[in-house]
Structures are given as structure tokens and as C-alpha cells.
Amino acid sequence: MNPREPLPGRPFPLGATLTPGGVNFSVFSKSAEAIELCLFDVPEGRGPSSVVLLDPRRHRSFHYWHVFLPGLKAGQIYGWRTSKGGPLLLDPYARATAVPKSYDRMARGDNAATAMKSVVADIRGYDWEGDAPLRRPFAETIIYEMHVKGFTASPSSKVPKEKRGTYAGLTAKIPYLKDLGVTAVELMPVFQFDPYDAPPGRVNYWGYAPVSYFSPHLGYASTSDPLGALTEFRDMVKAFHRAGLEVILDVVYNHTAEGDERGPTFSFKGLENAAYYILENGGYANYSGCGNTLNANHPVTRRMILDSLRYWVQVMHVDGFRFDLAAILARDDDGRPLRNPPVILDIESDPVLAGTKFIAEAWDAAGLYQVGSFVGDHWKEWNGRFRDDVRSFVKGDDGSVGRLAPRLLASPDVFAHEGREAEQSVNFVTCHDGFTLNDLVSYDRKHNEANGEENRDGTDQNQSWNCGVEGPSDDPAIEALRERQAKNLLAINLLALGAPMLLMGDEARRTQGGNNNAYAQDNETSWFDWTLVDRNAGLRRFVKGLIEIRRGRDIARPAEGATLERLLRMGRIEWHGVEPDRPDWSDASRSISVTTHNLAGTRIYHWILSAYWKPLDFRLPPPPPGAPAWRRLIDTSLAPPDDLLTSFTDAPAIMGERYAVGPRSVVLLVAEVEAG
């Protein structure tokens with residue numbers, strides 16, 4: 001490639017901007033004394049086909065280096081260099097990335113033949129056919145956390161081989177997700193990441209190793225063409241929107257795959273190390289647990305994060321973001337927490353992002369825990385206390401009843417002081433990081449030997465219980481108990497106030513064999529085994545029914561602007577024990593019941609939750625005036641289909657004042673009265 005005489009170009013927009021006459025390139029580098037743009041004909045090129053040395057007198061404005069090359073088109077492969085013989089650097093704003101077959105993350109010096117490279121993209125040429133982000137209210141949102149590759153990589157997915165583990169493969173499974181009843185998928189990282197940022201001989205499966213914040217991961221495309229990946233991702237989003245499903249991205253604005261001083265140089269280190277990273281004691285601050293920490297509140301990095309979010313909303317039409325280790329966004333240049341972090345306030349006040357979902361994992365790996373105190377009015381938060389306290393109760397721990405009660409009501413002890421809606425609490429009992437639901441009720445301890453770290457990795461605080469046997473069991477009694485425990489956890493998660501999130505495959509008892517840190521297991525350990533869907537059809541039916549009941553319960557859809565405090569007041573919460581109005585909050589207690597009213601006053605729900613290992617006889621509060629009897633919607637101790645009924649008219653009436661609750665069970669009764 002021999003472009004015509006380079007022109008000065010402009011410092012804005014950053015990245016490679018395609019115009020009818022050519023391409024404008026712009027990149028930030030304060031410390032570079034010289035910089036060159038390298039053009040390639042193919043990703044595997046041993047050297048650039050053309051090099052453009054930028055003259056600081058013509059091609060530099062303040063700290064921005066820029067050049068316009070006439071005649072270039074979409075698909076042009078390129079990279080930056082800040083020193084002769086130095087590493088080829090990715091453009092931080094590149095919209096697409098090429099990965100050579102000989103990719104080597106640790107190549108030193110002139111790595112032109114083995115480095116990832118940036119690709120010029122035409123972001124205007126896609127036909128969205130009128131598509132736009134869905135803007136579904138959070139009160140109606142049910143999230144399904146999933147891995148793009150892992151969802152369909154298994155041959156059991158019955159997706160055509162060339163589409164398994166891809167954006168297109170995910171699109172093919174939309175009917176399954178629609179039938180399940182979820183309203184949004186939360187995709188684990190899809191920004192281009194380094195798949196070899198992992199121990200030797202392993203790969204980074206989860207994707208929390210970003211190298212580009214604008215480029216979709218090429219490895220999830222059914223094509224090797226970087227521009228084809230861009231199209232395939234947008235095709236996926238458009239298809240999801242047509243089905244009424246939102247797309248939320250798990251984003252990693254807290255570290256990159258460049259690691260610490262021993263790690264590779266892909267982009268940010270070589271362009272402006274001190275701007276992009278928090279540095280301390282001659283090395284990299286490590287609040288992420290991954291070797292480095294993005295300096296998110298530096299003006300340049302802050303702008304990049306905001307531009308990235310705008311790009312994925314405006315150009316790629318995604319509906320929201322879950323921010324990994326979001327507490328890092330609250331740290332200053334020295335790593336100290338800020339009272340009003342500029343980047344967080346910029347994100348939530350940006351008009352382009354005004355209708356976008358923001359979910360914070362409001363902690364980091366260095367102990368900064370901000371659940372319930374995360375800055376901003378627009379953010380929802382992963383509620384780790386919900387996970388821990390619900391697990392503890394269902395397991396049967398001492399002192400768990402008092403901790404469970406507020407979790408059922410969107411954790412007012414954590415969030416109510418902020419005057420926010422119930423959905424500020426994103427409730428989950430499992431996520432990608434830790435045990436699956438099946439493993440939570442099948443293992444007392446982690447089994448991470450396959451990770452190659454002698455079972456030292458992964459948390460030891462699982463709040464799990466194997467129901468009497470470690471791992472798989474052929475004992476029908478053990479399996480029945482595990483199924484019931486899984487139903488108990490799912491019922492609490494999906495019916496509690498707040499915004500619920502499910503983990504991929506939990507509805508079918510997907511297992512990882514007790515591995516609670518499968519970040520490097522790109523194999524059957526982590527992939528969805530689709531044969532489980534039929535083998536565990538009863539549990540999947542139960543999950544579908546829970547979602548249907550949730551959707552029909554208007555207390556989950558409060559009037560616009562209703563705060564959690566107001567919602568709880570209107571719901572008229574009444575706590576009970578085995579006797580009405582006599583809840584047992586003691587450490588030895590293993591059961592609780594609660595009565596709530598819907599906002600219209602036409603339907604009253606009575607929950608009974610027992611983690612006791614023997615049956616308990618509960619005296620019921622009298623049904624409200626105008627209702628002849630309580631009716632049973634859910635009883636997890638019963639066999640299908642009696643374990644869950646979604647129709648009030650089909651639900652059996654409970655005659656008498658008492659209800660016998662089976663061991664370790666969740667029961668939901670309902671009574672209906674006429675309005676007024």
C-alpha cells in the first residue's frame with residue numbers, strides 16, 4: 001500500500017475516521033518525541049507495507065498526533081509506533097482488530113509480524129432498519145448473565161458448526177431465551193481481549209483482559225474478517241431487539257491485559273503510560289488484582305471511557321453496561337477514593353447515555369467496598385449481600401433469618417437511605433465468578449485442580465452445601481433434596497424485590513464439576529451442555545413459572561418515581577413465624593413468613609420460607625375480607641407440576657387455618673379480593 005502524500009489531518013475525532021476522500025488518524029501521546037503510522041496489507045505481514053513518519057510541525061496539535069491519508073478505505077490494517085524498532089501499538093480508539101495466526105503476546109522489540117493490529121472501519125454503512133435500544137424499565141427487567149462462546153460452543157447446542165460459540169450462534173438461541181422469559185442478556189466481556197492472558201498452556205476464557213475498548217472480540221465472530229465481526233455483532237443486537245430482549249455488556253474499565261512491568265506492551269503503555277495507569281513506587285498500582293489499574297479519572301482516560309460507552313450505545317445499539325470492579329472508577333491518580341469521582345459523574349450525566357442501564361460491581365480487589373454508597377443517582381448495584389445471606393439461609397446457618405428478611409425487600413438496610421427505587425439492588429445467588437447453582441447444592445468445597453494452581457485459586461467462602469454427598473450422586477433422596485434446594489434459591493432470587501439476575505444454565509443445572517474459578521477453562525467445564533435442558537425440564541419449567549408469577553405481580557412494577565421506602569409502606573409488610581405476627585428472629589430460627597399486598601390492594605401474597613430439616617406446621621393469618629381462602633401457587637416440597645402453578649384460578653384452595661410445610665421448602669400462597 002502506497003498512499004498518496006500525507007496531509008496534516010485533524011486531532012479530532014480520535015482513532016481512524018473514514019471519509020469519502022481517505023482516512024484521518026489521530027492518537028494521544030504526550031511523551032512521544034516521534035511517532036509513525038504503519039500500514040499493513042495482511043495481519044501476518046512481517047513488516048509494514050508502508051510507514052508514515054509524522055512531522056511534529058505538521059502532524060501534532062498539543063499532545064495529539066494526526067495525519068490524513070488520501071485514498072485509504074475500510075479494511076486498512078494499521079498500527080502506531082513511538083520508537084524505531086519498538087513494539088507495534090494498537091490504536092486505543094480502533095473500531096476493529098485483526099489477530100495474526102502467529103500472534104505472540106510477549107514478543108519484544110519489533111513485533112510487527114505477531115502483534116494484534118487495528119483496522120479502519122466504516123461505522124456508518126450498516127442498515128439498522130429502524131432499530132434502537134429498547135429502554136425497558138428496570139422494574140420489568142430480568143437479567144440472564146452469559147458467555148457468548150460458552151452458550152453455544154458445545155456440539156449439543158445443535159447450532160451449525162461454523163456458528164458455534166459466536167455472535168451468530170447466540171442469535172440462533174434467541175427463541176430459547178425468549179421462551180425462558182428473561183428480558184435482557186448480560187454478556188461477559190465482548191471487547192477485544194487477549195485470549196492468552198492466562199497461565200502457560202491455558203487461555204483466558206472469561207475475557208477480563210481487554211486490549212481495546214471500541215472493538216468487538218474477533219474470536220466470537222463466525223468469520224476471520226474484523227469488519228465481518230463488526231457486522232455480526234450488530235446483526236445479533238438487532239435480532240435481540242426484534243425479540244424484545246435487551247443487550248447489556250460486562251465492561252472492564254479497571255485494568256488491561258498489559259499487566260504490570262513484566263507484562264506485554266499492546267497500546268496504552270507505549271503511547272502514554274502515566275496517563276492510562278495508576279503508577280506507584282516505580283511500578284503499577286494493582287487494585288484490580290490483575291497487575292495494573294486504569295487511571296480512570298485522568299482526563300484522557302476518562303474521555304476514552306466516556307467515548308467508548310457512547311460508541312457502544314450510538315453505533316452498536318447496546319442497552320446497558322455492567323461495570324466490573326466499578327469501585328476502581330472512584331479512585332484518584334494516587335489510588336485514593338474520591339467523594340465525587342469525575343468519571344462516574346460524567347457517565348451518569350451524559351445525555352447520550354441518559355436512557356442506558358448502568359450496573360456497578362461496587363467493589364474492587366483491594367478492599368474498596370461501596371455497595372449502598374456508590375456515587376450517583378442512575379446506577380444499580382450488584383448486591384453481594386443478597387447472594388451471601390440467601391445462600392446462608394437456604395443452607396441452614398445459625399443467625400440467617402434476620403439477615404434474610406431485608407434481602408427479600410430489596411435490602412432497605414443497604415439502599416433505602418438513598419431514596420432510590422427497589423431495583424437499585426440487583427439480586428443474584430450465582431454469577432460467572434463462583435459456583436453454578438447446581439454446584440452450590442452439590443459441593444461443600446471448591447475443586448479447582450484443573451486450573452493448575454493446586455486448588456489455591458478461587459474463593460473458599462462459598463456458603464454451599466452438598467446435601468450429604470460431595471459431587472454427583474445416584475442417590476434419589478440426595479438428588480431430590482438438591483433439586484428442592486435449587487428451587488428454593490431460584491424462588492427467593494426471582495420473587496424478592498429488586499432486579500433479579502440468573503446465571504447461564506442454572507435453569508438446567510449446568511455444572512462446572514465444583515470449579516468455582518473457571519476463568520481459563522475454555523472447554524466442556526464451562527460450556528453449556530444442552531442435553532441438560534431436557535434432562536432437567538422440570539427445573540426449567542419451574543424457572544419459567546417463577547418469571548411468569550413475577551411479571552403478574554404489580555408490586556414489582558411500582559408507579560414512576562416510587563422509592564423503595566414508599567413501596568414497602570404501600571406493600572404493608574407483615575412478618576410472622578409458625579404463628580401469625582410472631583416472627584422468630586433468634587439465631588436458632590430456621591424459618592420466617594411474610595405477608596405483602598400489591599399496590600392495587602387486590603392481591604395478597606403470603607410467603608413461608610423454611611430451612612428447617614423437619615416439617616413445620618404454620619398457622620396462617622386469616623385471608624383478607626372478601627377472599628374465601630388462600631390458594632397455593634408454589635410449594636417446592638411437592639413434585640411437578642404441583643410445585644408451581646401460575647394461574648390463580650387453577651391454584652388449590654387451602655382449607656383450614658394451618659399449612660404443613662415440608663423440610664427445607666419455600667411456599668407462596670395468594671388471596672384475591674375485589675378492588676376497593
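The values are calculated or read from the model by the stated rules, or taken from the named source; none is laboratory data. Please read these numbers as outputs of a predicted model, since none were measured by experiment. Note: ideal-geometry Cβ built from the backbone for every residue, glycine included; neighbour counts use all protein chains shown. Quick note on the areas: whole protein, heavy atoms, side chains included, nothing else; ligands and nucleic acids left out. Shrake-Rupley method; radii C 1.70, N 1.55, O 1.52, S 1.80 Å.
Charge tally for Gln512 (other residues, Cβ to Cβ under 12 Å; Lys, Arg +1; Asp, Glu -1): -2. Placing unit charges on each Cβ (+1 for Lys and Arg, -1 for Asp and Glu) gives the chain a dipole about its Cα centre, and among Gly372, Gly263, Ala112 the Cα reaching farthest toward its positive end belongs to Ala112. In whole angstrom, the range 264-346 maps to an equivalent ellipsoid with semi-axes of 22, 16, 12, each derived as √(5λ) from the alpha carbon gyration tensor and ordered largest first.
Remark: relative contact order (the chain) = 10 percent; criterion is Cα-Cα distance under 8 angstrom and separation of 6 or more residues. On the basis of the beta-carbon distance and an R0 of 30 Å, Ser473 and Asp617 show a calculated FRET efficiency of 0.50. Computed from the alpha carbon positions, the gyration tensor of the range 65-170 leads to an equivalent ellipsoid with semi-axes of 34, 22, 15 Å, biggest first. Pull out a ≥ b ≥ c, the square roots of the eigenvalues of the alpha-carbon gyration tensor of the range 144-193, then state rounded if a/c is under 1.5, prolate if not and a/b is larger than b/c, and oblate in the remaining case. Since a/c reaches 1.5 but b/c is at least a/b, the shape of the range 144-193 is classed as oblate. The packing ranking, built from the mean of other Cβ atoms within 10 Å per residue, places the peptides 598-605, 286-293, 316-323 in the order 316-323, 286-293, 598-605, highest first. Taking a Cβ cut-off of under 12 Å around Phe386, the surrounding Lys, Arg, Asp and Glu residues balance to a net charge of +1, with basic ones at +1 and acidic ones at -1.
Which of the trypsin sites (Lys or Arg not before Pro) across the range 420-465 are loop residues per DSSP, with 11 or fewer other Cβ within 10 Å? Passing both the DSSP loop test and the Cβ count: Arg456. The length gained on full extension between Phe648 and Arg124, counted as 0.36 nm times the residue separation minus their Cα-Cα distance, comes to 183.6 nm.
By the rule of a C-alpha distance below 16 Å, with chain neighbours fewer than 8 residues away ignored, the aspartates and glutamates paired with Lys30 are Asp55, Asp91, Glu272.
Other residues whose C-beta falls under 13 angstrom from the C-beta of Asp635 contribute a net charge of +3, scoring Lys and Arg +1 and Asp and Glu -1. The calculated 222 nm mean residue ellipticity attributable to helices in the chain amounts to -6500 deg cm²/dmol, summing -39500 (n - 2.57) over DSSP H runs of n ≥ 4 and dividing by all residues. Across the range 506-618, the volume of the C-alpha convex hull divided among the residues equals 206 Å³ per residue.
The residue among His447, Thr525, Leu567 whose Cα reaches farthest toward the positive pole of the charge dipole of the range 416-568, with charges on the beta-carbon of Lys, Arg, Asp and Glu, is Leu567.
The mean sequence separation of alpha-carbon pairs under 8 Å and at least six residues apart, normalised by the residue count of the range 365-418, gives a relative contact order of 31 percent. By a 1.4 Å probe calculation restricted to protein chains, Asp350 has an accessible surface near 10 Å², given to the nearest 10. If contacts are Cα pairs under 8 angstrom and at least 6 residues apart, what is the relative contact order of the range 464-543 in percent? Relative contact order of the range 464-543: 28 percent.
Built from the Cα atoms of the range 111-213, the convex hull projects on average onto 9.9 nm², one quarter of its surface area.
Annotation: amide H of Ala360 within the under-5 Å range of Phe323, Lys380, Glu381, Trp382, sequence separation 5 or more or interchain, hydrogens built in the peptide plane.
Could you sort out which of Lys487/Lys614; Lys161/Lys238; Lys173/Lys238; Lys101/Lys173 sit more than 25 Å apart by Cα distance in this structure? Exceeds cut-off: Lys101/Lys173.
When the charge dipole of the chain is built from unit charges on Cβ atoms (+1 for Lys and Arg, -1 for Asp and Glu) and taken about the Cα centre, the candidate among Leu409, Leu481, Ile35 whose Cα reaches farthest toward its positive end is Ile35. In the range 357-501, the DSSP beta bridges split such that about 10 percent are antiparallel, to the nearest 5. Considering every alpha-carbon pair of the range 462-555, the percent of pairs per 10 Å bin, from zero through the bin containing the longest distance, is 14, 42, 35, 9, 0.
Summed over the residues of the chain and divided among them, the accessible surface reaches 37 Å² per residue at a probe radius of 1.4 Å.
Derived scalar couplings between HN and Hα for the range 571-576 equal x, 6, 6, 10, 9, 9 Hz in order, rounded to whole Hz, by the Karplus curve 6.51 cos²θ - 1.76 cosθ + 1.60 (θ = phi - 60°), x for Gly and Pro.
Put simply, the range 303-372 fits an ellipsoid with semi-axes of 23, 13, 10 Å; these come from the alpha carbon gyration tensor as the roots of five times its eigenvalues, largest first. For the range 564-672, the gyration tensor built on C-alpha atoms gives an oblate shape. Its axis ratio a/c (a ≥ b ≥ c) is at least 1.5, and a/b is not larger than b/c. Sorting the segments 277-283, 628-634 by their mean number of nearby beta carbons within 10 angstrom, highest to lowest, gives 628-634, 277-283.
Each Lys and Arg contributes +1 and each Asp and Glu -1, all at the Cβ; summed about the Cα centre of the chain, the dipole is approximately 1100 debye. Relative protection proxy for 197-204, 39-46, from highest mean packing down: 39-46, 197-204 (other beta-carbon atoms within 10 angstrom). Evaluated over the Cα positions of the range 1-68, the convex hull gives a direction-averaged projected area, one quarter of its surface, of 4.9 nm². Multiplying the residue separation of Lys84 and Glu657 by 0.36 nm and subtracting their alpha-carbon distance yields 197.8 nm.
Could you bin all the Cα-Cα distances of the range 466-506 into 10 Å bins starting at 0 and give me the percent of pairs in each, rounded to whole numbers? Spelled out per bin, shortest first, that is 26, 43, 26, 5. For the range 409-490, a/c is not less than 1.5, where a ≥ b ≥ c are the root eigenvalues of the C-alpha gyration tensor, and a/b does not top b/c. That puts it in the oblate class.
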